[in-house]
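Visitor: What follows is a single structure, and I will ask about it in a moment.
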Amino acid sequence: MDSKIGMTLTRHIYEGERVHPEATGELTGILNQIALAAKIVSREVRKAGLAEILGFTGQRNVQGEEVRKLDQFANDVFMTAFSHLGHFCIMASEEVDKPIPMPVDGRPDGGRYSVVFDPLDGSSNIDANVGVGSIFAVHHKISPGRDGTITDLLQPGRRLAAAGYVVYGSSTMLVLSTGHGVHAFTLDPSVGEFLQSHHHIRIRERGTIYSANEGNYPYWSQGVRRFVSHMKQHDPTTGRPYSSRYIGSMVADIHRTLLYGGIFMYPADSKDPKKPHGKLRLLYECSPIAFLLEQAGGAASDGHRPILDIQPTEVHQRTPFFAGSVENVREVETFIARYDAVRA
Ligand code: P6P
């Protein structure tokens, strides 16, 4: 019988496990749990607009259920999905100030992985029906002893075991890598299964789309300002001026950049002295995205070095972020080296 099921996420994960004899099946269990959390969050994200239209009360809806903010809901879903899996020793979330140790019952053997995640990035855009996303990054446990420690979280992205994002856009898509290329799976809500829609995604070496919040232009360094002005100059021989696209939800902007090429930027700016390194977080936003982009043949930098080489020192630390096609990222690094060095 010619099955029309195609490659499901579950089959992709199991086939990946079989290719690696050293695989224990734990990563398989982790990815399946992430997929489950993504389905649950997707269902609620898609209802959010409806809640507004039907006028559910701010605190409780007509079924008497507590209507929590979506990012809190998403955080609870991912935390619950991870807490009783047995494979994690510790986790950290964008929504939670401190690292979260795993319940002992949830890890009979201690848990050989750690996980950091942003449960719903861009959630402020929900009311405008703009695409939002979840981001996750899975590391091997490296600290001695049974319990997870901060050391298991504060690892360079170069060491990641797996990373990915879920984009809740016109469809819900899970994009992930376990270090063997980048693959995307689109949720078919009629069967509740993620079906492979992209196999071994590769980002073009140079793109002609740039993505940044140009409202911050006056606060950027000279090198970044000159780079953006360079992309806007008229020069048909180099395809300039480039097109500007900015959604304001990083996962959506990155997803477009991965598929169409170009560069996404959130540079450091002098706007807020409390955030001298820009707005985006290293551990659970920039590192996982950088991992995916490098796996897809792209690049991600803080303006001077690969994001994946940065040794984190704090769970919620921020970093300047330039990510996308490798030639575009190298180009902004050149402008920064040439002009900011002078300024510094
Ligand atoms: P700005 C969403 O709030 C977010 O964290 C990212 O998803 C997005 O790229 C960025 O902030 C947008 O920030 O300052 O341009 O509104």
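The values are calculated or read from the model by the stated rules, or taken from the named source; none is laboratory data. Here the structure is a predicted model, which means the values were calculated and not measured. Reconstructed Cβ throughout: ideal geometry from the backbone, glycine too, with neighbour counts over all protein chains shown.
Visitor: Identify, please: which residue in the stretch 94-126 is aliphatic (A, V, I, L, M) and modelled with pLDDT of 95 or more and is, among those, nearest to the ligand (Cβ to nearest atom)? Spell out how you get there, then give the answer.
Guide: Filtering the stretch 94-126 down to residues aliphatic (A, V, I, L, M) leaves 96, 100, 102, 104, 115-116, 120, 126.
Pick out the ones that are also modelled with pLDDT of 95 or more and you get 115-116.
Values: Val115: 19, Val116: 15 Å.
Filtering the stretch 94-126 for residues that are aliphatic (A, V, I, L, M) and modelled with pLDDT of 95 or more, the one nearest to the ligand (Cβ to nearest atom) comes out as Val116.
Visitor: Within the stretch 288-339, track down each residue that is surrounded by 16 or more Cβ atoms within 10 Å (Cβ to Cβ) and of a type in the set (Gly, Ala, Ser).
Guide: Those that are surrounded by 16 or more Cβ atoms within 10 Å (Cβ to Cβ) and of a type in the set (Gly, Ala, Ser): Ala290, Ala296, Gly297, Gly298, Ala299, Ala300, Ser301, Gly303, Ala323, Gly324, Ser325.
Visitor: Another one. Quick one: would you say Gly133 is surrounded by 23 or more Cβ atoms within 10 Å (Cβ to Cβ) and within 27 Å of Glu327 (Cα to Cα)?
Guide: Yes: the conditions hold for Gly133.
Visitor: Next question, about the same structure. Exactly one condition in (1) farther than 29 Å from Ile40 by Cβ; (2) away from the ligand (no atom under 14 Å from the Cβ) is false for His198; which is it?
Guide: Against the list (1) farther than 29 Å from Ile40 by Cβ; (2) away from the ligand (no atom under 14 Å from the Cβ), His198 comes up short only on (1).
Visitor: Can you say whether Gly248 is surrounded by 20 or more Cβ atoms within 10 Å (Cβ to Cβ), out of contact with any Lys or Arg (no Cβ under 9 Å at 6 or more places or on another chain) and assigned to a loop (DSSP other than H, G, I, E, B), as far as the supplied structure shows? Walk me through how you get there before you give the answer.
Guide: Numbers: surrounded by 20 or more Cβ atoms within 10 Å (Cβ to Cβ): no; out of contact with any Lys or Arg (no Cβ under 9 Å at 6 or more places or on another chain): yes; assigned to a loop (DSSP other than H, G, I, E, B): yes.
Taking the combined requirement at face value, the residue does not satisfy it.
Visitor: Would you mind listing the strands (runs of 3 or more DSSP E) fully within the stretch 128-226 where at least 1 residues are touching a residue at least 24 places away in the same chain (Cβ under 8 Å) and over 20 Å from Tyr266 (Cα atoms)?
Guide: On the way: elements: 132-140, 162-168, 172-177, 183-188, 193-198, 209-211.
Passing ranges, in order: 132-140, 162-168, 172-177, 183-188, 193-198.
Visitor: Quick one: would you say Leu259 is in contact with a Phe, Trp or Tyr (Cβ under 8 Å, 6 or more places away or on another chain), part of a helix (DSSP H, G or I), more than 14 Å from the ligand (Cβ to nearest atom) and not hydroxyl-bearing (Ser, Thr, Tyr)? Reasoning before the result, please.
Guide: Working: in contact with a Phe, Trp or Tyr (Cβ under 8 Å, 6 or more places away or on another chain): no; part of a helix (DSSP H, G or I): yes; more than 14 Å from the ligand (Cβ to nearest atom): yes; not hydroxyl-bearing (Ser, Thr, Tyr): yes.
When the stated conditions are applied, Leu259 does not pass them.
Visitor: Of all residues in the stretch 263-301, which are within 13 Å of the ligand (Cβ to nearest atom), in a loop (DSSP other than H, G, I, E, B) and in contact (Cβ under 8 Å) with a residue 40 or more places away in the chain?
Guide: Answer for the stretch 263-301, where residues must be within 13 Å of the ligand (Cβ to nearest atom), in a loop (DSSP other than H, G, I, E, B) and in contact (Cβ under 8 Å) with a residue 40 or more places away in the chain: Pro267, Ala268, Asp269, Lys271, Lys275, Gly278, Leu280.
Visitor: Could you look through the stretch 136-153, keep only residues that are closer than 20 Å to Asp309 by Cα and buried (at least 21 other Cβ atoms within 10 Å of the Cβ), and pick out the one that is farthest from the ligand (Cβ to nearest atom)?
Guide: Quick first cut of the stretch 136-153, residues closer than 20 Å to Asp309 by Cα only: 136-143, 150-153.
The next check asks that each one be buried (at least 21 other Cβ atoms within 10 Å of the Cβ); those that pass are 136-139, 141, 152-153.
Working: Phe136: 15, Ala137: 16, Val138: 21, His139: 22, Lys141: 28, Asp152: 25, Leu153: 20 Å.
Only one residue tops the list, namely Lys141.
Visitor: Filter the stretch 145-202 for residues that are in contact with an Asp or Glu (Cβ under 7 Å, 6 or more places away or on another chain) and under 24 Å from Ala300 (Cβ atoms) and give the result. It would help to see each step written out before you state the result.
Guide: Taking the stretch 145-202 as the starting set, the residues that turn out to be in contact with an Asp or Glu (Cβ under 7 Å, 6 or more places away or on another chain) are 156, 158, 195.
Correct list: Pro156, Arg158.
Visitor: Further question: Suppose we filter the stretch 308-344 for residues that are in a loop (DSSP other than H, G, I, E, B) and not polar (S, T, N, Q); how many remain? Let's see the steps before the verdict.
Guide: Within the stretch 308-344, the first condition is being in a loop (DSSP other than H, G, I, E, B), and the residues that meet it are 310-317, 319-320, 325, 344.
Keeping just the survivors that are not polar (S, T, N, Q) gives 310, 312, 314-316, 320, 344.
Residues in the stretch 308-344 being in a loop (DSSP other than H, G, I, E, B) and not polar (S, T, N, Q): 7 in total.
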